[in-house]
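Have a look at the structure below, then the notes.
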Amino acid sequence: MSSNKSYDISSFDLTLMSAGTGLVLLIVALGAAALTEIPIITIALVFILVFAVFEAAICYFAYLTYKRHKTEETANSLEHLISEVVRQVDFPSVITTADGKMLWSNKKMLELCGAANQMALAGKNFSVMSGVPMSEIITAVGKKVITVSGKNFYAYSYLMEAPDRDYWMTTLEDRSELEALEVRIDRESPVVAYISVDNLEELAQYVQGSYREAAAEVEEIITEWAQSIGGLLREYDREKYLLLFPKDRLPDCTESKFDILDRIREVRFGDGSMSVTVSMGVSNAGENFNERSANAQSALETALQRGGDQVALRKEDGIEFFGGKTKINQKRTKVRARVISDKLAEHIRAAGNVIVMGHKSPDFDSIGSCIGIARLALAYNPNVKIVVDKGNPNFKCCTPKLIEAMPEYEDIFIGTARGLDMIRSDTLLIMTDVNNMKIVESPDIAANVFNTVIIDHHRKIAEFEREPLIAYIEPSASSASELVSEILEISALSQGALGSIRLSRHEANVMLAGIMLDTKNFTRTTSERTFSAALYLRGAGADPEFARTFFFADLDSFVTESKLGSEVRLYRDRIAITVCEGSGTPDDRIAASKTADTLLTVQNIDAAFVLIRTDDQIAISARSNGKINVQLILERIGGGGHFDSAGAQVKNTVSREVLEQLRGAIDAYLDGNDN
């Protein structure tokens with residue numbers, strides 16, 4: 001209002017000035033006309049011209065005055081508006097110097113800092129108040145999380161340049177509610193679990209008892225457990241369940257080491273001599289339900305491939321296992337073997353070439369299963385090679401007759417260097433008797449071939465970095481040679497092969513030796529499938545007496561075994577441990593495994609561990625009579641294998657240190673600290 005009044009007075013003054021000037025000019029003009037002889041028309045024209053110029057000047061001056069007043073008025077209004085907006089904004093805001101000295105703050109900042117008025121904060125240092133150096137806030141890219149008065153905020157800083165110096169305006173965005181919401185979402189996000197009863201159907205085939213009664217008891221236990229953790233349980237197939245439960249209950253499950261396994265194991269079938277077991281795949285990793293479901297199913301498959309009776313928990317940072325302390329019979333049917341056989345034949349036909357490979361320091365089972373797979377592959381693809389250490393004593397022992405009788409095998413066996421040269425985009429790698437990529441014959445080949453197949457009877461240690469085309473892992477099988485024998489038998493009459501799939505007696509001898517090795521001459525981990533495979537090999541011409549000659553030891557190995565046997569110490573009253581310096585030859589590992597087998601024949605020994613130094617590492621062979629899971633023990637120090645037969649290779653030349661690691665792993669297992 002005052003601005004408008006000022007403008008009106010100025011306009012009035014200009015009007016009076018214009019009228020006065022015109023009157024003066026008129027008087028001058030009339031005086032000039034009366035006192036001079038200048039024509040009146042000339043005087044009139046001069047008067048009009050001078051008056052017009054003067055009026056134009058007056059108008060221009062009036063315009064400039066109007067514009068100046070309007071600009072000042074707009075600036076004052078805008079400044080007032082901005083000030084009011086900043087003061088009333090919901091975000092606490094403060095203006096500081098670069099070193100953090102506070103110059104101004106809005107109402108929200110006053111409330112946050114507990115100040116009654118602006119003067120209470122003037123001059124204070126924002127760095128001291130927030131606990132975060134102002135230099136960190138103004139140099140942060142985007143937002144910076146700070147804590148003020150016990151609350152967390154996102155701090156955003158904006159540079160305001162002035163002629164004398166630079167200033168910074170910092171706004172705070174309260175993220176307390178967002179954090180609470182994030183915590184709630186994370187706490188209540190669902191964990192997906194797939195549960196499968198391992199052996200109820202198999203037990204019903206061999207033990208007299210009520211299947212329905214046992215199944216109902218198992219379902220009741222699972223249902224009660226699901227309710228106790230606030231879960232939603234649905235049976236989607238016979239003896240298979242889907243469970244969803246909130247993530248905040250997962251720590252309770254891990255702390256109790258999924259005691260549901262023990263509760264299920266208490267369910268006895270028939271005469272009470274055999275217990276029911278379940279396997280579970282659990283996942284809290286994944287962006288959505290589809291990913292978590294897929295991860296849970298993959299985890300369940302891993303649990304089953306490790307032998308069942310355990311939980312595989314898939315997390316963002318890896319996979320963790322619980323249970324697995326019971327030796328069980330896993331479901332394995334001829335139907336699955338037939339499906340695997342068909343898929344394997346399909347992949348072999350589609351491959352440009354095939355590389356077959358076992359594990360380092362190959363034993364008869366590794367060599368025999370490789371030979372069986374090579375025979376199968378040759379029926380569909382002529383370009384097949386086996387990568388193996390031809391200097392290994394086991395290889396030298398079991399292959400001379402094979403190479404002599406079948407010249408094609410002289411060129412089939414190759415070393416790692418030639419194997420690397422064979423790798424193409426369409427190469428198929430088939431690994432047998434191993435699923436741990438660290439101990440394959442050539443880790444470089446395994447890492448560089450995209451298409452892989454795994455056929456193994458050892459328990460799966462962890463998930464694969466790159467999922468294979470086929471992962472036929474059956475811990476219930478006695479040996480890899482048994483699995484390959486089944487595949488060969490099923491594939492014998494398959495159509496599309498280049499020739500009939502028929503083993504020679506020399507090939508069958510090596511494969512039979514593999515089964516004999518892993519079953520200790522058919523005295524351990526055998527089933528009707530084992531004898532069926534042996535019968536197939538016998539029909540192909542295998543001679544058990546000849547295969548037994550592969551196991552004859554030379555004098556050096558006999559001396560090493562004697563030394564290992566003489567250094568035995570009893571640990572925890574039931575475990576035999578022996579440590580020995582090896583001779584530096586591959587025979588040391590063979591001697592160690594034989595010694596471990598022999599120690600199990602000693603009364604009251606439930607497990608045996610044999611440590612022997614080989615080059616820059618300590619090799620460990622472990623055996624169990626079925627009461628102790630040696631696989632779980634050796635997994636803690638980087639090993640793996642079977643429930644009752646496992647091994648490890650520790651990169652350490654100090655036997656004492658490795659022995660302490662082993663004792664710690666044994667203590668953790670026996671004291672219940674292991675999963």
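Determine, yes or no, whether Gly641 is closer than 25 Å to Thr519 by Cα and surrounded by fewer than 23 Cβ atoms within 10 Å (Cβ to Cβ).
It is true that Gly641 is closer than 25 Å to Thr519 by Cα and surrounded by fewer than 23 Cβ atoms within 10 Å (Cβ to Cβ).
How many of the residues making up segment 152-188 are loosely packed, with under 14 Cβ neighbours inside 10 Å and over 30 Å from Leu244 (Cα atoms)?
9
Listed here are the residues, each with its yes/no results for (1) more than 16 Å from Gly372 (Cα to Cα); (2) touching a helix residue (DSSP H, G or I) at 6+ places or on another chain (Cβ under 8 Å); (3) among the aromatic types (Phe, Trp, Tyr); (4) at pLDDT below 90.
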position	(1), (2), (3), (4)
Asp433	no, yes, no, no
Met437	yes, yes, no, yes
Asp444	yes, yes, no, no
Val449	yes, no, no, no
Ile470	yes, yes, no, no
Val510	no, yes, no, no
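Under 9 Å by Cβ, and 6 or more places apart or on different chains, what pairs join a residue from segment 247-266 that is over 20 Å from Ser196 (Cα atoms) with one that is in a helix (DSSP H, G or I)?
Lys247/Asp186; Lys247/Arg187; Lys247/Glu188; Asp248/Asp186; Asp248/Arg187; Asp248/Glu188; Arg249/Ser228; Asp252/Ser228
Among the strands (runs of 3 or more DSSP E) confined wholly to segment 274-391, which include 1 or more residues that are in contact (Cβ under 8 Å) with a residue 12 or more places away in the chain and farther than 21 Å from His506 by Cα?
278-283, 310-315, 318-323, 353-357
Please specify each residue of segment 422-435 satisfying the condition of being touching a Gly at 6+ places or on another chain (Cβ under 6 Å) and either surrounded by fewer than 18 Cβ atoms within 10 Å (Cβ to Cβ) or acidic (Asp, Glu) (or both).
Arg424, Asp426, Asp433
Hey, any hits in segment 455-476 for a residue that's within 17 Å of Ala351 (Cβ to Cβ), part of a helix (DSSP H, G or I) and touching a residue at least 40 places away in the same chain (Cβ under 8 Å)?
no
Which residues, taken from segment 243-273, are in a strand (DSSP E or B), surrounded by fewer than 21 Cβ atoms within 10 Å (Cβ to Cβ) and at pLDDT 90 or above?
Correct list: Leu244, Pro246.
For the condition surrounded by fewer than 24 Cβ atoms within 10 Å (Cβ to Cβ) and among the β-branched types (Val, Ile, Thr), what is the one hit in Ile355, Ile340?
Of Ile355, Ile340, the one residue that is surrounded by fewer than 24 Cβ atoms within 10 Å (Cβ to Cβ) and among the β-branched types (Val, Ile, Thr) is Ile340.
Tally up the residues in segment 407-425 that are closer than 20 Å to Lys360 by Cβ, touching a residue at least 40 places away in the same chain (Cβ under 8 Å) and of a type outside the set (A, V, I, L, M, F, W, C), please.
1
Could you look through segment 644-658, keep only residues that are among the aliphatic types (A, V, I, L, M) and surrounded by fewer than 22 Cβ atoms within 10 Å (Cβ to Cβ), and pick out the one that is farthest from Cys580 (Cα to Cα)?
Val650
So, of the residues in segment 620-638 that are over 29 Å from the mean Cα position of the chain (by Cα) and aliphatic (A, V, I, L, M), which turns out to be surrounded by the most Cβ atoms within 10 Å (Cβ to Cβ)?
The qualifying residue surrounded by the most Cβ atoms within 10 Å (Cβ to Cβ) is Ala622.
Among the listed residues Val132, Val192, which satisfies the condition of being within 30 Å of Tyr241 (Cβ to Cβ) and of a type in the set (A, V, I, L, M, F, W, C)?
On the way: Val132 fails: within 30 Å of Tyr241 (Cβ to Cβ).
Of Val132, Val192, the one residue that is within 30 Å of Tyr241 (Cβ to Cβ) and of a type in the set (A, V, I, L, M, F, W, C) is Val192.
Considering each of His457, His506 in turn, give the residue that is outside the structural domain of Asn295 (by TED's automatic domain parsing) and within 24 Å of Arg336 (Cα to Cα). Quick ask: steps written out before the conclusion?
On the way: His506 fails: within 24 Å of Arg336 (Cα to Cα).
Among His457, His506, only His457 is outside the structural domain of Asn295 (by TED's automatic domain parsing) and within 24 Å of Arg336 (Cα to Cα).
Just for segment 378-421: of the residues that are polar (S, T, N, Q) and in contact with a helix residue (DSSP H, G or I) (Cβ under 8 Å, 6 or more places away or on another chain), which one is surrounded by the most Cβ atoms within 10 Å (Cβ to Cβ)?
Restricting to residues being polar (S, T, N, Q) and in contact with a helix residue (DSSP H, G or I) (Cβ under 8 Å, 6 or more places away or on another chain), the top hit is Asn394.
Residues in segment 612-623 that are modelled with pLDDT under 90 and either at negative phi or of a type in the set (S, T, N, Q) (or both): how many? First the steps, then the outcome.
First, pick out the residues of segment 612-623 that are modelled with pLDDT under 90: 612-619.
Now narrow it down to the ones that are either at negative phi or of a type in the set (S, T, N, Q) (or both): 612-614, 616-619.
Of the residues in segment 612-623, 7 are modelled with pLDDT under 90 and either at negative phi or of a type in the set (S, T, N, Q) (or both).
Hey, among Ser494, Ser481, which residue is surrounded by 23 or more Cβ atoms within 10 Å (Cβ to Cβ), in contact with an Asp or Glu (Cβ under 9 Å, 6 or more places away or on another chain) and either assigned to a loop (DSSP other than H, G, I, E, B) or modelled with pLDDT of 95 or more (or both)?
The match here is Ser481.
The values are calculated or read from the model by the stated rules, or taken from the named source; none is laboratory data. Here the structure is a predicted model, which is why all the values come from computation and not from measurement. All Cβ positions, glycine included, derive from the backbone under ideal geometry; neighbour counts span all protein chains shown.
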